[in-house]
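Only one structure is covered here, and it is reproduced in the block below.
Read the figures in this text as sums done on the coordinates, not as results from a lab. Here the structure is a predicted model, which means the values were calculated and not measured. With ideal geometry, Cβ positions are generated from the backbone for all residues, glycine too; neighbour counts draw on all protein chains shown.
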Amino acid sequence: MTNFSIRKARPGDEDIILALLYELAQYEKLTDKFKITHEIITRDYLCEHPPIQSDLIFEDDKPAGVATWYWVYLSFAASRGIYLEDLFVRSQFRKRGYGKALIANLAKQAIMADAGSVEWVVLDWNKPSIKFYESIGAERVKGWSNYRLSDNVLLDLGTR
């Protein structure tokens, strides 16, 4: 592994976060859903009590990747957990252990907070990511399917 460092995002990192998340949206073919702006990153990622956290990985001083995440509570397990919203390593920095380092960093934060899990979802077509996650010991959660209310359905249901 080359010289890398991981740190929490801080004011001044808005453009880095925006660029990395946009590159992830391109990779996932979801740019039509991408609504994040510099101002939203300032408001939601870098405020005093951010609803979402952002960890950045650098090779030397070059931004190589990002993990965005937030705390959840698992009621049946009666414990906190981390939900990994986004994990992205730029293509030129892949195969260097940076994705694993970002997830290991989350695992350390979970352990320090006495949390019981780190969870995430992956697009079913994203075979390279699925292979990577399984290679580090992550298990597919069987028996659960994700559901979402959004757009007009959310508006219709929420304004009845």
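Computed values, structure above
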| read-out | value |
| --- | --- |
| Residue count for the range 48-90, restricted to those that are aliphatic (A, V, I, L, M) and over 20 Å from I111 (Cβ atoms) | 5 |
| Every residue from the range 121-160 that is closer than 14 Å to K100 by Cα, part of a loop (DSSP other than H, G, I, E, B) and touching a helix residue (DSSP H, G or I) at 6+ places or on another chain (Cβ under 9 Å) | I136, A138 |
| Residues (over 15 Å from A115 (Cβ atoms) and either surrounded by fewer than 15 Cβ atoms within 10 Å (Cβ to Cβ) or acidic (D, E) (or both)) located in the range 53-81 | D55, E59, D60, D61, K62 |
| Residue that is farthest from the chain's Cα centre (by Cα) [pool: residues in the range 97-116 that are over 15 Å from K8 (Cα atoms) and charged (D, E, K, R)] | D114 |
